1. How many nm is it between the label spots at Ser245 and Gln68, if each spot is 7 Å from the Cα in line with the beta carbon?
2. Mind checking segment 16-53 for trypsin sites (Lys or Arg not before Pro) that DSSP puts in a loop (not H, G, I, E or B) and that have at most 11 other Cβ atoms within 10 Å?
3. Provide the FRET efficiency to the nearest 0.05 for the Ser16-Lys170 pair, computing r from the beta carbons and using R0 = 41 Å.
4. Apply 1/(1 + (r/R0)^6) to the Cβ-Cβ distance of Ser75 and Ile38, taking R0 = 22 Å, and write down the FRET efficiency to the nearest 0.05.
5. For a quick check: sort Ile251, Ile132 by the number of other beta carbons within 10 angstrom, fewest at the front.
6. Between the alpha-carbon centers of segment 122-156 and segment 103-119, tell me the distance in whole angstrom.
7. Per q in 0.10, 0.11, 0.16, 0.17 1/Å, what log10 I(q)/I(0) does a Debye calculation on the alpha-carbon atoms of the chain return?
8. Give me, ordered by chain and number, the residues 5 or more places off Lys32 or on other chains with an amide H under 5 Å from its own placed amide H.
Amino acid sequence: MNRFADKVVLITGASSGIGHATAQRFASEGAKVVILDIADDLDAIADKIEGDVTARTLDVRDSASVTQTIDAIASELGGIDILHNNAGVAAMKPPEDHTDEDWNKVLRTNVDGTFHCSRAAIPHLKKSKGCIVNTSSVSGLGGDWGMLAYNTSKGAISNFTRALALDLGKSGVRVNAVAPSITDTPLATDITGDEGLMDKFRDRMPLQPPEQPEDIAAVVAFLASDDARMVTGVVMPVDGGVTASNGQPAIGG
């Protein structure tokens, strides 16, 4: 497929995991992809992706830098068609052990970063009738144990997505989100590397975990494509069936 030929796609948190897989997916379908991250080796990462991929160092928490960078990209590439807000961090510990630094890092990256990038991109997306796809989580649809800041941030992203979709719909800009469950990414290594925990996920997920970043990237690409032209304000679970359950334990086979 060549669904994104000549489309300019910006992806934050793209040095690894879901963002990296999404960059590969869009590039394989003809897009001009700009990966945005704070990784030191970002240019080398971009060079290894087949297609039209370039890199810009960007800290999404820095509002002024975000606006300057996104405006510069739009000027150089002739506009922006798709923004994938994927940058994110987590803190896994009991609520009373969350430090101010933990809380601020998670909220500033996950929530403020998504806001900064979206706000900067909106004028360009209105011109192109483009779209935004955010990375939320099943942790933004219900609570987890021991992930207070992360759950708070992803709950905010889910409703941010809905509210922004309402505000931008009349301008022809769509806003959606994906909500993965446990995915094989660097962010989740503490979980995916623990066989005991993974056994618990296997008990809960109808489709066996962990998900692969490419599984999420495929749905991001769908939501950004013309096939989803009447889809906006949706937080789409890509979760192996976790949210199909009411939470009660399995009975029988």
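Each value in this text was obtained by applying a stated rule to the coordinates, not by laboratory testing. No experiment lies behind these values; they were computed from the predicted model shown. In this analysis, Cβ positions are derived from the backbone assuming ideal geometry, glycine residues included, and neighbour counts consider all displayed protein chains.
1. The answer from the label model is 4.8 nm.
2. Loop-located and lightly packed - Lys48.
3. 0.65
4. The value I calculate is 0.45.
5. Lowest to highest Cβ neighbour count: Ile251, Ile132.
6. Going from one Cα centre to the other spans 10 Å.
7. -0.46, -0.56, -1.18, -1.33
8. Those qualifying (amide H under 5 Å, at least 5 residues apart or on another chain) are Asp6, Lys7, Val8, Val9.
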